[in-house]
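FYI, it's all coordinate maths here, none of it is from the lab. Fair warning: this is a prediction, and the values are worked out from it, not measured in the lab. FYI the Cβ positions are ideal-geometry reconstructions off the backbone, even for glycines, and counts take in every protein chain you see.
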């Protein structure tokens, strides 16, 4: 019974920053011993629901920047599909996932704000490169790529926190969709309780995106997610 409340918290917190939550879902499924083949498809499907509602909320708030998004998406979509077609050894998958789960941990602990007056112009060449690399990893691991993209956009000062959330949400959606299409060639496997996963994650995502677009903060819930991610990393490296 603990799985579903944690799933709700994960979706809520990730949607607050424009993410679909795949890394959090993967962390939960790792703790509960779900097979890697089921984890990838399940996380990407949940991403579609949560990232779409997150994008709508941040877009309505006027935070989306098309010039930043299109080079990222153009490079990432085909490579996310390609990554989705690749099957990797289960043990290697767990180790790669464990390393990637450290990224949202760092972001939660050392989150930074960027003022609009401090923004710098983005370089399209770097946007294509970043989009392609993140897209391939997204399809390969079963994430949307937001945990990799968001810190880079903020570090390079190409977008504010809420602009980053809007761009990441749509980036995650298109990558998750492309990754799922790539996995279809190998066969998709979902949990028998998938409808409950979707219902709980969508509800959490709807609430989180609404709060995030209004600049609300949920500090106590953030530390719940940090604990979940730490447990998952430990379990994946056992």
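Side notes on the structure shown:
- Contact annotation: residue pairs with Cβ atoms under 6 Å, 6 or more positions apart or on different chains, pairing a residue in segment 197-208 that is at negative phi and touching a residue at least 40 places away in the same chain (Cβ under 8 Å) with a partner that is in a helix (DSSP H, G or I) and surrounded by fewer than 17 Cβ atoms within 10 Å (Cβ to Cβ), are 200/4.
- Inside segment 14-63, residues that are without any contact (Cβ under 8 Å) to a residue 24 or more places away in the chain and on the phi > 0 side of the Ramachandran plot make up a count of 2.
- Filter pass, residue 105 being surrounded by fewer than 24 Cβ atoms within 10 Å (Cβ to Cβ), within 16 Å of the chain's Cα centre (by Cα), outside any loop (DSSP other than H, G, I, E, B) and on the phi < 0 side of the Ramachandran plot: yes
- Looking only at residues of segment 136-158 that are in contact with a helix residue (DSSP H, G or I) (Cβ under 7 Å, 6 or more places away or on another chain) and not in a helix (DSSP H, G or I), we find that the one that is nearest to residue 189 (Cα to Cα) is 142.
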